[in-house]
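To keep things clear, I will list the structure first and then write my remarks on it.
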Amino acid sequence: MTDLRQLMENEVFMAFASYTTIVLSKMMLMSTITAFYRMTRKVFANPEDCASVDKGENAKKYLRTDDRVERVRRAHLNDIENIVPFLGIGLLYSLSEPDLSTALLHFRLFVAARIYHTIAYLTPLPQPNRALAFFVGFGVTFSMAYRLLKSKLYL
Amino acid sequence: MTDLRQLMENEVFMAFASYTTIVLSKMMLMSTITAFYRMTRKVFANPEDCASVDKGENAKKYLRTDDRVERVRRAHLNDIENIVPFLGIGLLYSLSEPDLSTALLHFRLFVAARIYHTIAYLTPLPQPNRALAFFVGFGVTFSMAYRLLKSKLYL
Amino acid sequence: MTDLRQLMENEVFMAFASYTTIVLSKMMLMSTITAFYRMTRKVFANPEDCASVDKGENAKKYLRTDDRVERVRRAHLNDIENIVPFLGIGLLYSLSEPDLSTALLHFRLFVAARIYHTIAYLTPLPQPNRALAFFVGFGVTFSMAYRLLKSKLYL
């Protein structure tokens with residue numbers, strides 16, 4: 001068990017764990033926002049989901065799409081597209097013994113950029129707010145990938 | 001090599017590895033179910049895929065959508081949206097020295113909930129079967145996130 | 001800190017880190033390819049994104065879909081569907097002390113298959129180029145899952 005305790009006593013790893021948990025929890029909230037809009041706007045993707053608002057043939061008219069719901073779904077998918085690389089590359093980067101201050105800068109920028117991206121997408125704020133938030137998160141992940149490959153490449 | 005052997009001798013970590021591998025394998029099966037319906041129902045998303053069923057202009061009529069295929073794809077996307085947070089948060093939770101019995105309860109509930117979610121989605125079972133399965137998996141992941149942040153927060 | 005240094009001195013783990021970083025970086029490039037086609041073809045999903053090409057009511061005509069953009073998005077989603085299981089199963093497999101040569105074979109095949117999959121999808125090459133690339137990557141991940149469950153099952 002010694003090594004496990006050592007891993008979680010490593011400050012970079014603990015910081016990675018905390019920031020990752022926060023950004024993944026934020027991503028999970030997108031599901032509840034989608035569910036909220038589906039319920040309040042009566043917009044469903046499956047016939048069995050319409051049963052709560054109406055019965056029989058009438059219910060089928062709720063099988064439709066809605067701008068608001070589609071916007072949340074796009075924001076959610078964009079989260080997945082960006083948080084999955086952060087998760088993989090960030091984990092390996094955290095184990096490659098980076099400076100604590102450099103690592104913290106990466107993690108904080110990424111989490112702040114993704115939270116701002118969600119706000120910019122759902123409000124919606126005029127461009128380039130969302131584009132900038134996207135590129136900051138993207139740049140942070142590429143920077144970690146570059147540092148990792150530079151110090152530990154093994155092919 | 002000592003530490004690696006120790007990591008895989010840690011019971012919580014071994015359990016996490018086993019349950020995660022099972023739930024990710026289940027998720028991969030969704031791709032084959034989609035492929036199966038695309039082939040048997042002749043429903044394709046790309047012109048080059050239609051060449052197996054017909055030639056030239058006739059083939060383009062198979063570029064269509066189908067309720068059954070879209071249903072599998074929604075179930076697959078829902079898997080991704082929920083299994084990615086489980087993967088990240090669960091890994092970090094497993095390394096934070098939780099009780100073995102508590103950890104096993106989390107992992108088992110999550111895997112059972114996601115398997116039931118797939119059954120409820122593909123059958124389809126009437127609501128709230130699928131919604132309950134979704135919320136059980138969601139709650140398990142949030143519970144791990146809460147325990148992790150409570151014991152190891154480092155910002 | 002000893003264990004961390006040991007983990008990154010483990011050759012299998014270093015190889016996993018390198019190949020994973022490469023394949024995740026490739027996946028991130030899909031976002032920039034989508035953005036490139038959206039800009040050059042003036043095809044947008046959000047009203048606020050159209051403001052760069054035109055103003056007022058005229059801008060709304062750019063809220064449309066385009067074959068080329070949808071193709072890149074399908075390739076991107078297929079990447080996510082396959083790289084997420086590789087990330088989770090591959091990480092746990094790397095920690096289960098496999099032979100270095102067997103592990104390298106798995107990682108190299110997977111990365112090569114996914115790069116070829118992207119080329120086959122975006123060109124597009126005739127089938128079964130893309131299908132074969134898909135199944136090689138799929139088979140590699142299942143092979144790692146099988147080895148992992150066989151050697152370390154703990155339920």
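Tabulated results
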item	result
Cβ charges +1 (Lys, Arg) and -1 (Asp, Glu), total dipole of segment A:52-103, debye	500
Chain C, relative contact order in percent, only Cα pairs under 8 angstrom and at least six apart counted	27
Fluctuation leader among A:PHE110, A:PHE16, A:PHE36 - chain A, Gaussian network, Cα springs under 10 angstrom	A:PHE36
Residue of C:ARG108, C:ARG64, C:ARG38 that the Gaussian network model of chain C assigns the largest fluctuation, springs spanning Cα pairs under 10 Å	C:ARG64
Peptide A:142-151 - average C-beta neighbours from other chains (10 Å radius)	2
Taking A:ASP49, C:ASP67 and counting other C-beta atoms within 10 Å, the order from fewest to most	C:ASP67, A:ASP49
Highest-MSF residue in chain B out of B:PRO126, B:PRO85, B:PRO98 [GNM, Cα springs under 10 Å]	B:PRO126
Average partner coverage of B:38-51, which counts Cβ from other chains inside 10 Å	3
Neighbour-count ranking [beta-carbon atoms within 10 angstrom, fewest first] of B:TYR62, A:TYR121, B:TYR93, C:TYR154	C:TYR154, B:TYR62, A:TYR121, B:TYR93
Furthest towards positive pole of dipole, A:ALA35, A:PHE107, A:LEU63, structure part segment A:1-137, Cβ charges	A:LEU63
7 Å along Cα→Cβ, label-point gaps from C:PHE142 to other copies, nm, shortest first	3.6, 3.6
Across the identical copies, how the C:ALA112 labels are spaced - nm, sorted shortest first, 7 Å along Cα→Cβ	4.4, 4.4
Over the protein assembly as shown, equivalent-ellipsoid semi-axes from the Cα gyration tensor in Å	35, 25, 25
R0 of 56 Å, Cβ-Cβ distance A:ALA112-B:GLU57: FRET efficiency to nearest 0.05	0.60
Cα-based Kirkwood hydrodynamic radius, chain B, one decimal, Å	17.7
Mean-position separation - Cα centroids, segment C:129-150 and segment B:86-132, in angstrom	24
Angle in degrees between helix B:67-94 and the longest Cα principal axis of chain B, rounded to the nearest 10	20
For segment B:74-155: span of alpha carbons on each principal axis (Å, largest first)	42, 26, 16
Other protein chain Cβ atoms within 10 Å, averaged over every residue that makes up C:19-28	6
Fraction of alpha-carbon pairs over 19 Å apart in segment C:14-94 - percent	50
Restraint check, B:LYS26/C:LYS150; A:LYS26/B:LYS150; B:LYS26/B:LYS61; A:LYS26/C:LYS26; A:LYS60/B:LYS42; B:LYS60/C:LYS42, Cα-Cα greater than 27 Å	B:LYS26/B:LYS61
Dipole magnitude of the protein assembly as shown about its Cα centre (Cβ charges: Lys, Arg +1; Asp, Glu -1), debye to nearest 20	1560
Chain B - mean residue ellipticity at 222 nm from DSSP helices (-39,500 (n - 2.57) per run, n ≥ 4, rounded to 500)	-26500 deg cm²/dmol
Dipole magnitude of segment C:1-102 about its Cα centre (Cβ charges: Lys, Arg +1; Asp, Glu -1), debye to nearest 20	840
Ranked list, fewest to most other Cβ atoms within 10 Å of each Cβ, for B:PHE134, B:PHE107	B:PHE134, B:PHE107
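Laboratory data are not the source of any read-out in this text; all were calculated from the coordinates shown. None of these values were measured; they are calculated from a predicted model. Here the Cβ is made from the backbone with ideal geometry for all residues, glycine too, and neighbour counts use every protein chain on show.
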